[in-house]
Amino acid sequence: GQNIDQPTEMTATEGAIVQINCTYQTSGFNGLFWYQQHAGEAPTFLSYNVLDGLEEKGRFSSFLSRSKGYSYLLLKELQMKDSASYLCAVSSNTDKLIFGTGTRLQVFP
Amino acid sequence: EPEVTQTPSHQVTQMGQEVILRCVPISNHLYFYWYRQILGQKVEFLVSFYNNEISEKSEIFDDQFSVERPDGSNFTLKIRSTKLEDSAMYFCASTRGDRVNYGYTFGSGTRLTVV
């Protein structure tokens, strides 16, 4: 079966660092995506990992370990506008995306 | 920055009616998708479309659903006879295949309410 797990909710303080974990079990693997979704809006692309290791993009970094079926999204210097849901999605052996339920992050002042 | 455009943003329809959701993907993209998200639940894949034909569809995408690319720009999702459980946000997405830099670009969605 296909399964993607991530925590349901997280809270953090403005200026802090937060790490959102994602574990996956899929029938194939063709890359892992992180998306940000504000309530009632479309998911917006944050990062893509297909090889093991860390990809850094400004305040956001994403890590992948294929052998462990594990990824994390790291958000630094948190801002209030970072309050959103963060979706982990895996592209299996076809090009469709399989999404996790999303992690709702609330940033407090 | 190029966008995927969806219309309408909201649609209310009576059970049993047909609805057509419209999408204009990014012009140089080649792969097109429909996803849906029932309120409070995860985003679910419906169908992928490439080279003028369906390349994959999920179990949700039954005979009541169809997709079409009637011209060079529009990509539509039709639900023939809507059910209450079809109420959801429907997202169109497209990609040109360059995942590293762009991933899949999603439209802003159509909120479909079946009453």
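Only the coordinates and a few stated rules stand behind these numbers; no lab work does. Please read these numbers as outputs of a predicted model, since none were measured by experiment. Please note: Cβ atoms are built from the backbone with ideal geometry, for glycine as well, and neighbour counts cover all protein chains shown.
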Amide H contacts of B:MET15 (H built 1.01 Å from N, under 5 Å, at least 5 apart or other chain): B:VAL115
Mean Cα-pair separation over length for the range B:33-115, i.e. relative contact order, pairs under 8 Å, 6 or more apart, %: 27 percent
Separation in nanometres of the label points that stand 7 Å from Cα toward Cβ, at B:LYS83 and A:LEU74: 4.6 nm
Per-bin percent of Cα-Cα distances, chain B [5 Å]: 2, 12, 23, 26, 20, 10, 4, 1, 0
Value of relative contact order over chain A, rounded to a whole percent, pairs C-alpha under 8 Å and six or more apart: 37 percent
Helix-only mean residue ellipticity at 222 nm for chain B, each DSSP H run of n ≥ 4 adding -39500 (n - 2.57), per residue, nearest 500: -500 deg cm²/dmol
At most 16 other Cβ within 10 Å, DSSP loop - GluC sites (Glu not before Pro), the range B:3-51: B:GLU3, B:GLU18
Stretchable slack from A:GLU56 to A:GLU9, in nm (0.36 nm times residue separation minus alpha-carbon distance): 14.6 nm
Nitroxide proxy distance, nm - points 7 Å out along Cα→Cβ at A:ARG104 and A:THR44: 2.0 nm
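What are the equivalent ellipsoid semi-axes of the protein assembly as shown, built from the alpha-carbon gyration tensor (square roots of five times its eigenvalues), in whole angstrom, biggest first? Let's see the in-between values first.
Numbers: eigenvalues 176, 77, 53 Å².
They are 30, 20, 16 Å, listed largest first.
Would you mind ranking B:MET15, B:MET89, A:MET80 so that the residue whose beta carbon has the fewest other beta carbons within 10 Å leads the list? Could the numbers behind the result be given before it?
Numbers: B:MET15 13, B:MET89 19, A:MET80 10.
The most exposed by this proxy come first: A:MET80, B:MET15, B:MET89.
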Which of A:SER27, A:SER71 has the fewest Cβ neighbours within 10 Å, and the rest in rising order: A:SER27, A:SER71
Relative contact order for the range B:8-66, counting Cα pairs under 8 Å that sit 6 or more residues apart, in percent: 20 percent
For chain A: Kirkwood Rh in Å [reciprocal of mean 1/r, alpha carbons]: 13.9 Å
10 Å Cβ neighbours from other chains, averaged over peptide B:25-38: 1
Label zone at B:VAL115, where the point sits 7 Å out along the Cα-to-Cβ direction: the range B:10-36 residues whose backbone N lies under 16 Å: B:10-18
